[in-house]
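Some notes on the structure that comes next.
The values are calculated or read from the model by the stated rules, or taken from the named source; none is laboratory data. Since the model is a prediction, treat every value here as computed from it, not as a measurement. Cβ coordinates were reconstructed from backbone atoms using ideal geometry, including for glycine residues, and neighbour counts include every protein chain displayed.
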Amino acid sequence: MKESTSRFIKGSVYSIYSNIVVILIMTLISIFTARHLGREIMGLYSILLSLQGIVTIFAMFGIPPAMAKLLSEYSQTRKDARDDLVLTAFALVLAFSIVFASIYSLSREIISVRFYNVPELSPMIQISSAIVVILSVSTLTNSALQGFQRFRLLSRLTIINSVISLPVSIYLIYSWGITGALVALLVNYMVSAINNISHLWKILKEEDIKIRLCFNRRVARELIGFGMPMVLSGLVVIPGVWFANTTLAIYSGLGDVGLFAIAYTISNMLLFIPNAIAIPLIPLVSEFSAKDKREMNNLSLNTFYLIGILALPGSIFTCIFARDIVSVVYGSQFYGSWMILCLMAIAIYLVSLCSVIGNIIIGLGKTWDSFILNALWFISFIIAAHYLIMAYGLSGVGYAYIASYLFFIIILQIYMKYKQHVVIKNFSLYLIVPLIILLISLFIPNSIYYRVAYFLIFLLIGIVLSRKSRASLRGMWIDLTASPNTKN
């Protein structure tokens with residue numbers, strides 16, 4: 001029985017349960033938002049969220065993932081320093097978020113009038129700047145629970161916060177349109193932060209962590225030292241969406257930005273398994289890299305194989321039934337997004353594989369390596385997106401994502417092999433065969449019978465070819481069922 005496997009599986013199961021609920025609720029909110037706002041306003045809302053995402057990178061300054069990693073390590077080696085770590089992390093996030101949110105708010109006229117020539121953005125940016133502060137605090141509380149490895153509690157709180165957000169979002173969007181959508185985000189993040197803090201307070205007392213006003217400069221340097229490359233990594237990943245939205249708005253108009261927003265939202269739902277697995281993966285890789293590297297290597301490889309088999313069916317299904325998903329769920333006004341949805345579904349499979357390796361690199365503490373690797377992806381994406389959007393319009397965004405992530409996963413494989421000495425066996429099996437299957441699915445006749453038949457055939461081929469993944473899954477399940485209960 002392997003300790004890392006047992007704790008990893010249990011943490012992943014809790015995260016997957018909560019992510020399923022979150023995805024269902026976010027899907028309902030997304031559908032209502034798109035149908036109520038329409039293509040043009042949805043495009044404007046998408047641009048606003050991408051701007052907010054860039055500011056949030058600076059506001060959090062990489063502190064949440066840094067605290068999750070260091071808290072897991074401190075729990076093993078420096079328990080007496082955890083109070084300084086938690087309180088210093090909260091002080092840093094509050095300071096950074098207030099400063100950068102204020103700069104964002106003061107720049108609203110420049111952004112809305114001079115850059116986008118959309119004066120209506122100005123009051124919305126004021127609301128968005130407040131969201132940045134509350135979101136930063138809420139994310140930090142999630143990271144604290146992650147660092148304490150309270151995965152079950154984190155999953156339960158995530159579900160509760162998501163359920164509360166549904167009626168709040170629908171009422172405010174229906175009442176105030178795009179302004180209501182932003183106010184809903186503000187209210188929902190505030191509820192999440194308050195709910196999380198109330199439970200985190202109890203955990204701090206249970207762990208005998210003294211709650212007091214303090215700021216440890218040495219701990220702050222450690223947090224910022226880990227967080228700085230995370231900030232830089234975020235600055236070469238999240239702005240990619242902003243660049244795609246802005247380039248589309250320039251060459252194709254806000255209508256196509258709205259279509260891309262729908263495709264981007266749907267395709268990112270396919271990441272719920274990799275995102276759920278990342279919650280326990282990062283702290284466990286961090287912990288076991290310090291005391292059992294062989295165990296860490298096995299955990300990393302099994303996770304990659306597991307994602308390889310679990311991520312593929314969703315991408316195949318989305319490619320084959322893209323027309324039905326868009327027209328039935330979002331309405332005829334968004335039907336034009338079906339092709340970009342197919343392309344994004346293909347890209348998301350590559351993103352799933354890349355995210356596993358990326359989270360392993362973060363868990364190992366190689367944040368500067370992560371920044372350099374992400375910078376290579378960003379450069380490839382910007383170049384590809386610039387030329388492909390000009391040539392192919394909306395579809396060019398999808399081509400750019402596929403090309404850049406194909407390049408990225410090859411770079412990550414080379415890095416893991418030669419820098420970390422972790423060889424991913426059967427790597428081509430998880431790259432070439434799924435890509436062939438996904439590309440073929442684009443040319444299936446538009447008949448429900450053909451599409452159902454092809455989906456079942458492709459699914460069967462994927463299961464047969466993924467013997468290594470199924471063996472890993474069985475082994476991890478045996479470890480889980482054979483292990484005693486652990487505190488989560």
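Observations on the structure shown:
- Check on ALA66, within 13 Å of VAL137 (Cα to Cα) and either touching a residue at least 40 places away in the same chain (Cβ under 8 Å) or acidic (Asp, Glu) (or both): no
- Any hit, segment 75-83, residues being of a type in the set (Ser, Thr, Tyr) and within 20 Å of PHE243 (Cβ to Cβ): no
- When SER72, SER97, SER30 are checked against the criterion of being in a helix (DSSP H, G or I) and within 30 Å of SER252 (Cβ to Cβ), a single residue qualifies: SER30.
- Residues (assigned to a helix (DSSP H, G or I) and either modelled with pLDDT of 95 or more or surrounded by 18 or more Cβ atoms within 10 Å (Cβ to Cβ) (or both)) located in segment 362-381: ILE362, GLY363, THR367, SER370, PHE371, LEU373, ASN374, TRP377, PHE378, SER380, PHE381
- Subset of segment 195-210 [out of contact with any helix residue (DSSP H, G or I) (no Cβ under 9 Å at 6 or more places or on another chain) and not hydroxyl-bearing (Ser, Thr, Tyr)]: TRP201, LYS202, LYS205, GLU206
- Residue within segment 330-344 that is farther than 24 Å from ILE309 by Cβ, small (Gly, Ala, Ser) and touching a Lys or Arg at 6+ places or on another chain (Cβ under 6 Å) present: yes
- Residues considered: VAL163, VAL191, VAL219. Of these, the only one that is touching a helix residue (DSSP H, G or I) at 6+ places or on another chain (Cβ under 6 Å) and surrounded by fewer than 20 Cβ atoms within 10 Å (Cβ to Cβ) is VAL191.
- Which numbered condition LYS425 fails, given (1) basic (Lys, Arg); (2) in contact (Cβ under 8 Å) with a residue 12 or more places away in the chain; (3) assigned to a helix (DSSP H, G or I): (3)
- Screening LYS69 against (1) at pLDDT 90 or above; (2) buried (at least 19 other Cβ atoms within 10 Å of the Cβ) leaves a single unmet condition, (1).
- Boolean, ALA263 is modelled with pLDDT under 75 and either of a type in the set (Gly, Ala, Ser) or within 20 Å of the chain's Cα centre (by Cα) (or both): no
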